[in-house]
1. Send over a whole-number figure in Å² for the accessible area per residue of chain A, probe 1.4 Å.
2. Please give the peptides A:60-66, B:2-8, B:24-30 ranked by average Cβ packing (other Cβ atoms within 10 Å per residue), highest first, as a rough proxy for protection.
3. Express in % the proportion of alpha carbon pairs of segment A:10-243 at distances exceeding 23 Å.
4. Starting at the first residue of segment A:75-92, write each ³J(HN,Hα) from the Karplus equation 6.51 cos²θ - 1.76 cosθ + 1.60 with θ = phi - 60°, in whole Hz, x for Gly and Pro.
5. Distances longer than 33 Å among the Cα atoms of the protein assembly as shown: what percent of all pairs is that?
6. For chain B, what is the accessible area per residue in Å² when the probe is 1.4 Å?
7. Output ³J(HN,Hα) for segment A:43-49: one whole-Hz value per residue in order, computed from phi by the Karplus curve 6.51 cos²θ - 1.76 cosθ + 1.60 with θ = phi - 60°, and x for Gly and Pro.
8. With charges only on Cβ, +1 for K and R and -1 for D and E, what is the dipole size of chain B about its Cα centre, in debye, rounded to 20?
Amino acid sequence: MSKTHLINDGIRYDGRRLDELRPIKFQLGILNNADGSAYVEWGRTKIIVGIMGPREAHPKHLAMADRCRVEALYRMATFSVGERKSPAPARREHEISKVIKEALEPAIFVELYPRATIDIYAEVIQADGSTRCAAISAAALALTDAGIPMRDLVCSVAVGKVEGQLVLDVMDEEDKQGDSDMPVAMMPNKNLVTLIQMDGLLTQDEFNRGLELAKRGCMEVHKKQKEALEEHFKKSMNSEMEEA
Amino acid sequence: MPTNFEPRQLVVPGTILAEGKYNPGMNTYKEGEHIFASVVGLAELRNETVNVIPLRGCYMPYVDDVVVGKVVEVISTAWMVDIRAPYEAVLFAKEFLSKPLNTMKEDARSYLDIGEMVIAKVISFDRTRSPSLTTREQGLGKIQRGTVIEVDFTRVPRIIGKKGSMISLLKKESGCQIFVGQNGRVWISGKTRDEEAVVAQAIRKIEAEAHTTGLTDRIQEYFLKMKQGA
């Protein structure tokens with residue numbers, strides 16, 4: 001079996017440098033029926049996120065008296081990958097749903113909406129690696145679009161080890177043939193990490209350098225998030241607002 | 001110490017707004033020495049207090065708010081009412097009829113059925129139970145005629161205007177009865193459907209251009225144009 005070389009002279013398979021993100025484009029408010037929504041194109045990864053809520057929790061016994069419940073549902077479309085993806089929820093989708101929920105929950109002021117629930121739905125239209133990172137970053141924007149109070153945005157990016165070198169923003173081929181994959185999500189203004197996972201192995205030193213690389217990547221994602229928010233809400237902010 | 005923003009600057013959740021002596025106002029929070037924004041909106045400073053005027057949000061009920069609600073469920077002696085909040089409100093029969101409802105003789109549906117709308121006041125809400133409503137006051141009760149439109153809840157202050165300036169303009173120019181619920185539903189009642197449609201369109205315009213200057217003048221112009229057209 002011949003392996004394609006993924007890195008040649010510090011240039012990756014798709015022409016990126018080792019510490020370079022793929023082109024990322026966020027869009028807000030794309031759905032009418034959801035309370036908040038966002039769409040992201042992250043290289044060839046495409047995801048739609050819709051937010052429902054805060055609304056009354058159903059079934060009622062799941063409601064919590066002192067805070068709001070946050071639920072995430074990550075799903076891959078049948079046509080999102082090369083081979084047909086079975087429409088039944090797979091183990092991986094359950095895992096990523098849980099991870100998305102736990103990455104975003106620390107940012108949300110859940111105590112403001114006792115007994116209620118906020119549902120986050122992420123639909124992967126096309127998958128090309130780092131889907132959980134793209135989903136988390138887009139979900140933070142969708143939550144903002146829904147007007148849900150948050151401590152900070154959450155931005156996320158994955159770092160991987162490919163052919164012995166650390167790379168930022170792992171794409172599908174690198175994920176499959178690489179040695180290691182480490183998605184990180186953080187609240188950028190707080191410098192707090194809300195998610196860190198690792199597949200494969202990294203040495204202590206590689207881990208530390210990888211985390212620094214991921215933090216820098218997250219800051220770049222955060223910049224894109226802010227740009228998207230500013231573009232979307234520009235209409236509302238032109239000139240000064242009159243006293244209401 | 002200066003603040004970290006220009007007046008009316010667009011801020012997003014997590015933006016650091018100020019540090020030190022300032023107080024956190026609406027849609028902000030303080031952690032350590034810093035004040036952060038918690039929603040997307042326009043930042044402003046008023047008497048040492050930092051506020052963010054929200055551009056997005058959902059209605060949270062407060063006692064004494066007057067809202068426009070839609071009946072979604074009838075239970076024997078009460079109605080469950082959607083008030084566009086995270087929680088359904090309850091309207092007890094005695095708060096609507098001013099007398100107990102005799103369920104042996106009459107059906108709650110004969111007074112108020114699913115889909116019908118009411119103008120009602122929030123009488124209790126404390127986060128441990130659902131908000132409850134009353135219609136036992138002047139101007140409240142079942143909506144019998146007219147149109148109800150839904151607007152973004154964050155635009156309600158703009159539709160009412162400074163000291164009610166915008167709403168009085170709408171009423172004066174159209175001759176319609178208009179009521180703006182705190183939850184972002186507006187009841188419009190005119191002589192004809194066309195009159196109501198003109199007001200609804202004006203309100204849509206206010207909603208879209210809520211954060212721009214000279215809006216009152218433009219609404220005045222709009223009515224002038226409509227009158228000339230008619």
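The values are calculated or read from the model by the stated rules, or taken from the named source; none is laboratory data. This structure is a prediction, so every number in the text was calculated from the model and none was measured. Cβ placement follows ideal geometry from the backbone for every residue including glycine, while neighbour counts extend to all protein chains displayed. Heads up: the accessible areas ignore ligands, DNA and RNA and are worked out on the full protein's heavy atoms, side chains in. Shrake-Rupley method; radii C 1.70, N 1.55, O 1.52, S 1.80 Å.
1. Working: 11190 Å² over 244 residues.
Solvent-accessible surface per residue comes out at 46 Å².
2. On the way: A:60-66: 10.4, B:2-8: 14.0, B:24-30: 18.0.
Ranked by mean Cβ neighbours within 10 Å, highest first: B:24-30, B:2-8, A:60-66.
3. On the way: 13186 of 27261 pairs.
That tail contains 48 percent of the Cα-Cα pairs.
4. 9, 9, 5, 4, 9, 7, 10, x, 7, 4, 8, 4, x, 5, x, 8, 4, 4
5. Details: 52504 of 112101 pairs.
Of all Cα-Cα distances in the protein assembly as shown, 47 percent exceed 33 Å.
6. Values: 11110 Å² over 230 residues.
Value returned for chain B: 48 Å² of accessible area per residue.
7. Couplings: x, 9, 7, 10, 9, 10, 10 Hz.
8. On the way: 31 positive and 28 negative charges, 128 e Å.
The dipole of chain B has a size of about 620 debye.
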